[in-house]
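Report on one structure; see the data block that follows.
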């Protein structure tokens, strides 16, 4: 980006003086009016019945569900917006259409790129509902700067061809760090619209994304590790521990829990500022850069 031009009022006045003497019309002409800004998209506030999240609803749109921080809206031209979708992944080889169970939606290697994770999540969602696996082409991806302790996040534009035909897609996608149990959470805001109307719908979808909010306590719960601690030595081997060993293990668990809570609190704060509120990096606290 070019550096901002410096201002030298006195020199500028001297340089322009001869022109003003020779062309009074040029000196008196008014500067061209700036282009009119696009009108703001009007949104009606909506809060989920369980108070877990809120978002703005444009005219003509409907909220089809809202609970556990997830809000789903549909638009008048075939648009769909889903806010706050969370899938728990096991750090393992991807298996399309299969779920590990116990609250884990899919297996997906953590080392996989963020682009591939987004693709796998969308394909897995279709496979689990019995729909054909869609073809996805990511046309634009913009990383959201975050510390590794918070996770990886990005903003996406993509095209998708599946059971609903050809659609264009906007997404905000985050993959959180692997927890002690070998699982990790993936959070997504997703909008899709038919190709013919997608360009018209995009500003509205972005406005909905920008309006999405989660109360701090709920956000911390949403981003907290799925498995908060690794199995203890006793649980692993089934052996009896001495009092000293049990006390040491308890102290270690408490220490890890406190450390994880601090990380979760910071993650929630950074997620809210960077991902939901799009705060410029220079304005973020040091722990979020």
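Taking all Cα pairs closer than 8 Å and separated by 6 or more residues, the relative contact order of the range 49-213 comes to 23 percent.
In plain terms, the chain from residue 287 to residue 128 could stretch by 53.5 nm, reckoned as 0.36 nm per residue minus the Cα-Cα distance. For the range 39-90 versus the range 110-184, the inter-centroid distance based on Cα atoms is 19 Å. Classify the range 98-228 as rounded, prolate or oblate from the Cα gyration tensor: take a ≥ b ≥ c as the square roots of its eigenvalues, call it rounded if a/c is under 1.5, otherwise prolate when a/b beats b/c and oblate if not. Oblate is the answer for the range 98-228, as a/c is 1.5 or above yet b/c matches or exceeds a/b.
Every read-out reported here was derived from the displayed coordinates using simple, explicitly stated rules and does not represent laboratory data. Treat the numbers as computed from the prediction; the structure is a model and nothing was measured.
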